[in-house]
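K.L.:
This is the structure I have questions about; it appears just below.
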Amino acid sequence: MSHIKRCPECDSINLTYDDQKGEIICNDCGLIIEEKMVDSGQDVGGQFDKSEKKGRGGAPLSIQKYDKGLTTNVGEISDIYKLESGQTRKFLRLKKWQERVSTSIERNLRLAMAELRRATSFLNLPSVVRDEAARIYNFVLQRGLVRGRSMESVIAACIYAACRSYNIPRTLDEIAATSDVPRKEIGRTYRFMIRKLGIKVKPSSPKDYISRFSSILHLSPKAQNEALKILKKADVSELTSGRGPAGIAAAALYVAALMNNEKKTQREVADVAGITEVTIRNRYKELIDRLGIEDKLKEIEAKNKISG
């Protein structure tokens, strides 16, 4: 069971392997040679009927649950009503009392984590981002920063902060679309939150959005690479000042699509980026002015008209 064959204290081989406590003990000098051992072997103990579930460990701990999955709830309503009438009343009463004795923080977390799971599922975010958003919300709640703000706006701001932390490009418009909270309210809550918590988040870059936007627009890998080259050439540090990176990324993709004869309208590209056509036109003009390719684009457009 262990590679240890002798006691390091008295060199005895008279050892006891205690499976229950996870210890190896020397019978001669009493030294505990090893403790808290984990038995990694297969669990063959216990007999199960075919009707029983073959699992005794329960679900894994998750910060996405208000109690990390540790609380035992008094059944679901649908299950309770399957019982006899006397038992039904008893368990409904127990369930009511369980909800009454829970603290306000527990009740808030129960609702908030359900909302967080719904929103992150809609946005198709990975589990690591969901955990980070849940951790930030717990942090915010414990410090009383949710008072005076709707739970939905704080959850949305936490999701946005988690996405920014992991460099996963999601715009405020996309996050606002998952709830009834306006974009400005989410942005306001997010800025308040990171200021109070001292969270340092790197500003998102236009190139972070290229891959996802080009996938949605069904652009070729060639156009995607061209868009990245355009951003690199354009020295986006000045372009991003006071402007959204999603808009600049969308404009770069629009230019790349034109250069590769992949027809996409400004409306199509703007809808994917969650911006207006006016915004994409402005970013488009700034890009072609910076790159000096206006004449080249006109040539491509003229060739397309002739071939068409």
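K.L.:
Pop a pseudo-label 7 angstrom from the Cα along the beta-carbon direction at both Glu23 and Glu294 and give the gap in nm to one decimal.
P.N.:
My value for the distance between the label points is 8.4 nm.
K.L.:
Give a quick list of trypsin sites (Lys or Arg not before Pro) in segment 186-216 that DSSP marks as loop, anything other than H, G, I, E or B, with at most 10 other Cβ atoms within 10 Å.
P.N.:
Counting only loop positions with at most 10 other Cβ atoms within 10 Å, the trypsin sites (Lys or Arg not before Pro) in segment 186-216 are Lys200.
K.L.:
Return the distance in nm (one decimal) between the two label points of a simple spin-label model at Arg195 and Thr265, each offset 7 Å from Cα along Cα→Cβ.
P.N.:
The two pseudo-label positions are separated by 4.1 nm.
K.L.:
Hey, fewest Cβ within 10 Å first, where do Tyr190, Tyr17, Tyr254 land in order?
P.N.:
Numbers: Tyr190 23, Tyr17 15, Tyr254 28.
Ascending number of Cβ neighbours within 10 Å: Tyr17, Tyr190, Tyr254.
A short reminder: the numbers here are calculations on the coordinates, not readings from a lab. Everything numeric here is computed off the predicted structure, so don't read it as measured data. Heads up, the Cβs are rebuilt from the backbone with ideal geometry, glycines too, and the neighbour counts pull from every protein chain shown.
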